[in-house]
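I have placed the structure first, in the form of structure tokens, so that the comments after it can refer back to it.
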Amino acid sequence: MAEMLDEVVTRAVTAVSKTGSPTDSVAIRRRGIRSQRRLAELVEGGDAAKAEAHWRSHMAVVGRVMLGQDATTVIDLINHY
């Protein structure tokens, strides 16, 4: 199940990264990297509550970008990518 969901998400990430201009794609990736760096800083600093809150917020944004108008759950992505 995990491998199947990983494949679905990988295909969706690839498809989303190909939409828009190359500049948009680079900007999205840079925001993601900044968010992941922030998470690492919070974890390294031992602030579990802020790390969890940050990651939940990050994943909510990722969900909106990935799912968009095509799906309401990750499993729904199977029909689109």
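The values are calculated or read from the model by the stated rules, or taken from the named source; none is laboratory data. Model, not experiment: these values are computed from the prediction. Heads up: the accessible areas ignore ligands, DNA and RNA and are worked out on the full protein's heavy atoms, side chains in. Shrake-Rupley method; radii C 1.70, N 1.55, O 1.52, S 1.80 Å.
Just name the residue that is nearest to ASP76 (Cα to Cα) out of those in region 34-46 that are open to solvent by 50 Å² or more (accessible area, probe 1.4 Å) and of a type outside the set (Gly, Ala, Ser). Let's see the steps before the verdict.
Step one: filter region 34-46 for residues open to solvent by 50 Å² or more (accessible area, probe 1.4 Å), giving 34, 36-38, 41, 43-46.
Still in the running and of a type outside the set (Gly, Ala, Ser): 34, 36-38, 41, 43-44.
On the way: ARG34: 28, GLN36: 26, ARG37: 30, ARG38: 30, GLU41: 33, VAL43: 32, GLU44: 35 Å.
In this case the residue turns out to be GLN36.
Since ASP24 meets every condition but one in (1) at pLDDT 70 or above; (2) in a helix (DSSP H, G or I), which condition does it not meet?
(1)
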